[in-house]
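Student: Here it is, the structure, as structure tokens.
The values are calculated or read from the model by the stated rules, or taken from the named source; none is laboratory data. These numbers come from a predicted model, not from an experiment. Glycine also receives a Cβ, built like all others from the backbone with ideal geometry; neighbour counts cover every protein chain displayed. Areas reflect the complete protein model, heavy atoms only, side chains present, ligands, DNA and RNA absent. Shrake-Rupley method; radii C 1.70, N 1.55, O 1.52, S 1.80 Å.
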Amino acid sequence: MNIQKIFKRAKDSLRRTVIPFNRKIREKFSRHDRGFLINRKKDEYGYLEEESFRDKIRKINIDSKVFYTVFIVAASLFCIIISQISPDSRFRTWYHSLKNKPIISKGIQLTEGKSVIDQQTGTFLTYYRFQGFGESDPTHIDSKAPMIALTFDDGPNPSSTQRILDVLDANYSHATFFVVGTNAENYPDMLKAISASGCELGNHSYNHKDLTTLSTSDVEEQIEKVNRAVKKATGENTTVIRPPYGAYNDKVIKQLEEPVILWDLDTEDWESRNAKKIVDAVMSQVKDGDIVLMHDIYDSTAEAVEILIPKLKEQGYQVVSVSELAKYKGKTLELDKAYGKIGGTAE
Ligand code: ZN
């Protein structure tokens, strides 16, 4: 048998089947066909001048373009909104359970997306990355693993505070910044940057006065002026207070309306101004639940933090803000109390 003959025969039989089928489909759907519509319009407007008929056709063409554009834009917007809604949305819960149906059917309890993904960073994409592909989520804080709070006093400072924020961000870590009012007023953009990075803003008094030497109204003024600057820049209040020099007494602590935070690991960075000494001070003493004292107004401290955070993470420490430390250690920070460390073994 001739190969060409076989091909020709196959082609012919295919044509015999396909062409009538195509015609059938076309007839069935011709009501939705634009050509059909135009022809019908031509019947309708047949009596009109050629020019005005062309106008009608142009209008039909524009109408369909507008329709498709609006449809595509609306569909894209819908997809974007659906994919970006908060991590604990119904959509994600549904998606999560759908993806894990085989696991659920075996009766294994799933971890809720809500607790796994940090609410501030949990977009659909991060959710998919960490849930869908099973990567471990770098923003997740394990309350059973060791953690410490880095705290920075006397800032903010546009150069060294920014360096510290950059290294915190790069390592999915947070810290608490106890700002003094004069710097807070001068650098509102730094306050915004601290708040935007998920870090905590604390009050360190307006101009670094020993609160135990002041009258009640002066203490109030020292605290209130900082709160005003922070509120003006970020829209939020400070959440914790560190009295300058760590100095407080019963009278002061009763007056303060936010928990008093001291420290239990002093890097003495203000004295040494030496990155290596600061790193050594932390690494030789650090333990779970520590609150570490530093000052974000020195370049040497910023340099130390750039070395410290990766080192701490390598050793299994999670670096968090003071309020996060309390939250994940299951402690409620109380007024009338001063905290040097939170949780940990030696408490
Ligand atoms: Zn200070």
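Student: Taking region 237-276 only, how many residues are touching a Leu at 6+ places or on another chain (Cβ under 6 Å) and aliphatic (A, V, I, L, M)?
Tutor: Total satisfying the criteria: 2.
Student: Here are some residues: PHE152, PHE178. Which one is in contact with a Gly (Cβ under 8 Å, 6 or more places away or on another chain) and within 16 Å of the ligand (Cβ to nearest atom)?
Tutor: Values: PHE152 fails: in contact with a Gly (Cβ under 8 Å, 6 or more places away or on another chain).
Going through PHE152, PHE178 in turn, just one is in contact with a Gly (Cβ under 8 Å, 6 or more places away or on another chain) and within 16 Å of the ligand (Cβ to nearest atom): PHE178.
Student: Next question. Can you pull out the residues in region 244-272 that are within 14 Å of the ligand (Cβ to nearest atom) and closer than 26 Å to GLU303 by Cα?
Tutor: Those that are within 14 Å of the ligand (Cβ to nearest atom) and closer than 26 Å to GLU303 by Cα: PRO244, TYR245, GLY246, ILE261, LEU262, TRP263, ASP266, THR267, GLU268, ASP269, TRP270, GLU271.
Student: Still on this structure, I have one more. Does TYR187 satisfy being in contact with a Pro (Cβ under 6 Å, 6 or more places away or on another chain) and at pLDDT below 95? It would help to see each step written out before you state the result.
Tutor: Numbers: in contact with a Pro (Cβ under 6 Å, 6 or more places away or on another chain): yes; at pLDDT below 95: no.
When the stated conditions are applied, TYR187 does not pass them.
Student: Considering only region 291-347, state which residues are of a type in the set (Asp, Glu), surrounded by fewer than 16 Cβ atoms within 10 Å (Cβ to Cβ) and touching a residue at least 60 places away in the same chain (Cβ under 8 Å). Spell out how you get there, then give the answer.
Tutor: In the first step, residues of region 291-347 are kept if they are of a type in the set (Asp, Glu); the result is 296, 299, 303, 306, 314, 324, 334, 336, 347.
Narrowing the set further to residues that are surrounded by fewer than 16 Cβ atoms within 10 Å (Cβ to Cβ) leaves 299, 314, 334, 336, 347.
Within region 291-347, ASP299, GLU334, ASP336 qualify.
Student: With the structure loaded, tell me whether VAL286 is touching a residue at least 40 places away in the same chain (Cβ under 8 Å) and within 16 Å of the ligand (Cβ to nearest atom) or whether it fails that test. Break it down stepwise before answering.
Tutor: Values: touching a residue at least 40 places away in the same chain (Cβ under 8 Å): yes; within 16 Å of the ligand (Cβ to nearest atom): no.
The answer is no for VAL286.
Student: Which condition does LEU191 not pass, out of (1) open to solvent by less than 30 Å² (accessible area, probe 1.4 Å); (2) closer than 23 Å to ASP264 by Cα; (3) more than 16 Å from the ligand (Cβ to nearest atom), if it passes all the others?
Tutor: Only one criterion is unmet by LEU191, namely (2).
Student: A further question on this structure: Might you check whether a residue that is open to solvent by less than 60 Å² (accessible area, probe 1.4 Å), within 14 Å of the ligand (Cβ to nearest atom) and over 27 Å from the mean Cα position of the chain (by Cα) occurs anywhere in region 209-221? Full working, then the answer.
Tutor: Pass one, region 209-221, residues open to solvent by less than 60 Å² (accessible area, probe 1.4 Å): 210-212, 214-215, 219.
Adding the requirement that they be within 14 Å of the ligand (Cβ to nearest atom) leaves 210-211.
Retained after the next criterion (residues that are over 27 Å from the mean Cα position of the chain (by Cα)): 210-211.
Yes - at least one qualifying residue is present in region 209-221.
Student: Do we have ASP288 as surrounded by fewer than 21 Cβ atoms within 10 Å (Cβ to Cβ) and more than 19 Å from SER173 (Cβ to Cβ) here? Step through it out loud before you land on a result.
Tutor: Values: surrounded by fewer than 21 Cβ atoms within 10 Å (Cβ to Cβ): yes; more than 19 Å from SER173 (Cβ to Cβ): no.
Answer is no for this residue.
Student: Residue by residue through region 195-208, note down the ones that are surrounded by 18 or more Cβ atoms within 10 Å (Cβ to Cβ) and within 16 Å of the ligand (Cβ to nearest atom).
Tutor: LEU201, GLY202, ASN203, HIS204, SER205, TYR206
Student: I've got another one for you. Could you grab me the full set of residues in region 133-169 that are modelled with pLDDT of 85 or more and over 22 Å from MET283 (Cα atoms)? Reasoning before the result, please.
Tutor: So the first thing to find is which residues in region 133-169 are modelled with pLDDT of 85 or more, and the list is 141-169.
Listed by number, the residues that qualify are ASP154, GLY155, PRO156, ASN157, PRO158, SER159, GLN162.
Student: Provide a single number: the residues in region 312-322 that are under 17 Å from the mean Cα position of the chain (by Cα) and either more than 20 Å from LEU293 (Cβ to Cβ) or in a helix (DSSP H, G or I) (or both).
Tutor: So the answer is 0.
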